[in-house]
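The values are calculated or read from the model by the stated rules, or taken from the named source; none is laboratory data. Since we're looking at a predicted model, the values are computed, not measured. Virtual Cβ from ideal backbone geometry, glycine too; neighbours counted across all protein chains shown. Keep in mind that these areas ignore ligands, DNA and RNA; they rest on the heavy atoms of the full protein, side chains included. Shrake-Rupley method; radii C 1.70, N 1.55, O 1.52, S 1.80 Å.
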Amino acid sequence: MAYPYQIKSLEDYQQQYQQSVIDPEGFWANVADHFYWRRKWDKVLDWNFKDPDVKWFTGGKLNITENCLDRHLGTLGNTPAIIWEPNDPEERHRVITYRDLYNKVCQFANVLKNNGVKKGDRVCIYMGMIPELAIAVLACARIGAIHSVVFGGFSAQSIADRIQDAQASLVITCDGAFRGNKDIPLKSVIDDALIGCPSVKKVIVCTRTRTPVSMIKGRDLWWEDEIKQVETMGNPPCPAEEMDAEDMLFILYTSGSTGKPKGVVHTVGGYMVYANYTFVNTFQYQPGEVYFCTADVGWITGHSYIIYGPLSAGATTLMFEGVPTYPDAGRLWSIVDKFRVNILYTAPTAIRSLMGYGLGPVNHKDLSSLRKLGSVGEPINEEAWHWFKDHIGKGRCPIVDTWWQTETGGIMITPIAGITKEKPGYATLPLPGIQPILVDETGKEVTGNNVNGNLCIKFPWPGMLRTTYGDHERCRTTYFATYENLYFTGDGCLRDEDGYYRITGRVDDVLNVSGHRIGTAEVENAINMHAGVVESAVVGYPHDIKGQGIYAYVITERQTHDPELTKKDILQTVSRIIGPIAKPDKIQFVSGLPKTRSGKIMRRILRKIAEGELDNLGDISTLLDPVVVEEIKRGRL
Ligand code: 6R9
């Protein structure tokens, strides 16, 4: 059997789960034994959640790329590792075998070395969804450089913040990226970002769109030229750097309820074991299956379930450059049909938007290859769940509703495909190794079933974050200080009569817009940068397709002559500061905000108004100026 640790039945799940709680170290050591370690670990786990200080597989030496590439060459050398489908369906797709991928990763790793990149250096990657993105990520891992991938929808300012925070010395980008009918000028955005980033010495630019770019002498290099140079050196091998299990593998920035995004840090050994274990088990991956995850590598889902999970398992991972609605709303189904996809992992927001086009785009597609479906990123509403089940899975494919976070590294609570009895809207049960607990506001455990609480995890798992880059205290206060000895997820959760978990959404000031995490504070800061804006408050409201929309209440210095133009200007400002994904859906100009006597904005009230629950505002008597609430209600959009 390809994966001896693959769960085989419900009884097997229950048994594995029990064992993982009784003897977590023994449980994970058994899983980790099936990987290639240069040197085995001395100790499986050391931990405390107070500092926090968590170490898995201490003393173990390995390189994750030897597990994703080298160890498959003997058996899977000619098997497709990556199938790549371009944005334009008329352009030829690419198939990259494990041997090809190995060669390309070694080649590019040598390019990085030739450009002075060393173990521990930070490399920022800002590229579209092309195979070279996966190659760049793996090449960093090969030589022990820490990658920080930034999603292509972020602005120059956001990239600059991330580069400065990580003190990255090299950037890998493309001339541009194709996404639907758009052509995004990536290199030009990087040029703007780098004005304030003296740490960056080199930029490697991969050709994709042939968009004209400026190439700065001594700093900017073409990917293709650098590869040629390695070829003229006779393509020397690139031995993998020996890494400690707890060396950093990557940084990925994510939004929280306060301040700038933080750099979540994952380390080599634990992350590898966890990404692989959760991939193999959740999707019940069988050798030879074609697996398609529609996420972008710029998010954690792409890291764990396009690259590291599937490749470490020797799977065939399909990477799609474009968007689900281009050239038409049947694109995902055409891709399933074209490559006989067996497993499809996507987001509720995509399902909801495609539902809107009816069954026309689905009808003539052969979806009979599909065996398993997955959902990630936000709660899936029942309507979308049933549509996915009936019209895409034709009633015969299990759906795994996978709950997890950037910080958790991999899937935490999910059905196991075909094994766990599913229930629409429910992430169901924790994977082995995961010990969820619900607590009330005071931190007291909420026991029994049919209860609600804040979702925490009470025992470490190998894929969990280790720190936030450059600021360990922030990691402690954000995740480990709210409740003593618990990791706090920020999510609210219900446990039903069957003990099944249903995630009800964030309980903090983090929005989830189309599955993208955005902090309200971040958006407010961006709006407040706009000239003439005095103050703003941002809340989420239910949105049919995006899940949540962004509603901004804005106070300006004086009445503007053309409010519509001012709104557009504010959107432009947010786009510049954060990126188009953070643009508010609604902007309401107000003369004041509801505040307590101590000056705190009462978001609860603003949220209710944005949701349209005007008669249900609760007690507003403690407000400094209750009159302002009436005005805001009247002006509601
Ligand atoms: C993987 C990912 C994490 C937040 C998380 C939660 C929400 C993710 C979910 C879900 C309900 C699911 N979330 N999966 N909510 N059901 N199946 O999305 O990571 O971008 O860090 O977002 O997304 O609120 O806390 P990330």
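Using Cβ point charges alone (K and R +1, D and E -1), the dipole size of region 441-598 about the Cα centre works out to roughly 200 debye.
In this structure, D12 and E383 have a Cβ-Cβ separation that, at R0 = 35 Å, corresponds to a calculated FRET efficiency of about 0.60. Shown for the chain are no DSSP H helices, since none reaches 30 Å along its axis, judged by Cα atoms, with a mean Kyte-Doolittle hydropathy of at least 0.0. For the peptides 87-93, 581-587, the ranking by packing is 581-587, 87-93, with the highest mean count of neighbouring Cβ atoms within 10 Å listed first. Each Cα pair under 8 Å and six or more residues apart adds its sequence gap; the mean of these over the residue count of region 66-244 is a relative contact order of 20 percent. Straightening the chain between N616 and D569 buys 13.6 nm, computed as 0.36 nm per residue apart minus the Cα-Cα spacing. Points 7 angstrom from Cα along the Cβ direction at K633 and R558: gap in nanometres? So the label points at K633 and R558 sit 3.2 nm apart. Given axes a ≥ b ≥ c from the Cα gyration tensor, I'd like to know whether the chain is rounded (a/c under 1.5), prolate (a/b larger than b/c) or oblate. Verdict is rounded for the chain. Using 26 Å as the Cα-Cα cut-off, could you pick out the over-long pairs in K104/K546; K187/K586; K444/K595; K260/K568; K61/K118; K104/K201? The answer is K104/K546; K187/K586; K444/K595. The aspartates and glutamates within cross-link reach of K394, meaning a Cα-to-Cα straight distance under 20 Å and a gap of 8 or more places when in the same chain, are E289, D337, D366, E382, E383, E422. Counting only protein heavy atoms and a 1.4 Å probe, the chain has 38 square angstrom of accessible area per residue.
A simple charge model with +1 on the Cβ of Lys and Arg, -1 on the Cβ of Asp and Glu and nothing else charged puts the dipole of the chain at about 720 debye relative to its Cα centre.
Would region 513-634 count as rounded, prolate or oblate if I go by the C-alpha gyration tensor, calling it rounded below 1.5 in a/c and otherwise prolate when a/b exceeds b/c, oblate otherwise? It is oblate, given that a/c is not under 1.5 and a/b is not larger than b/c.
Pairs to check: K372/K421; K262/K633; K372/K458. Give those whose C-alpha atoms are more than 25 Å from each other in this structure. If you can, show how the numbers build up before the last one.
On the way: K372/K421 14 Å; K262/K633 35 Å; K372/K458 30 Å.
As for pairs spanning more than 25 Å Cα to Cα, those are K262/K633; K372/K458.
Look at the dipole of the chain built from charges on Cβ: of G425, M233, T406, the Cα furthest out on the positive end belongs to M233. For I172, nonlocal amide neighbours, meaning residues 5 or more places apart or on other chains whose placed amide H falls under 5 Å from its own, are C124, I125, Y126, I204. Calculated mean residue ellipticity at 222 nm for the chain: -8000 deg cm²/dmol, from DSSP H runs with n ≥ 4 weighted as -39500 (n - 2.57), summed, divided by the residue count and rounded to 500. Short-range pairs are left out: with C-alpha atoms under 8 Å and at least six residues apart, the relative contact order of the chain is 12 percent.
As a rough guide to protection, the peptides 368-377, 333-342, 492-501, 4-13 ranked by mean Cβ packing within 10 Å, highest first, stand as 368-377, 333-342, 492-501, 4-13.
Net charge in the neighbourhood of K50 (other residues with Cβ under 11 Å of its Cβ; Lys, Arg +1, Asp, Glu -1) is -2.
For the chain, the fraction of 1.4 Å probe accessible surface lying on carbon and sulfur atoms is 50 percent. Over all other residues within a Cβ to Cβ distance under 14 Å of R331, the charged ones net out to -4, with Lys and Arg as +1 and Asp and Glu as -1. For region 513-634, the relative contact order comes to 23 percent (Cα pairs under 8 Å, sequence separation of at least 6).
For an R0 of 35 angstrom, estimate the FRET efficiency from the Cβ-Cβ distance between K119 and N48 and round to the nearest 0.05. Intermediate values should be presented prior to the final figure.
On the way: r = 28 Å, r/R0 = 0.80.
FRET efficiency, K119 to N48: 0.80.
Using a Förster distance of 56 Å, how high is the FRET efficiency between K228 and A2, based on the Cβ-Cβ distance and rounded to 0.05? FRET efficiency, K228 to A2: 0.90.
In plain terms, the chain from R219 to E497 could stretch by 94.0 nm, reckoned as 0.36 nm per residue minus the Cα-Cα distance.
Overall form of region 66-244: oblate. Here a/c, set by the Cα gyration tensor axes a ≥ b ≥ c, is 1.5 or more, and a/b is not larger than b/c.
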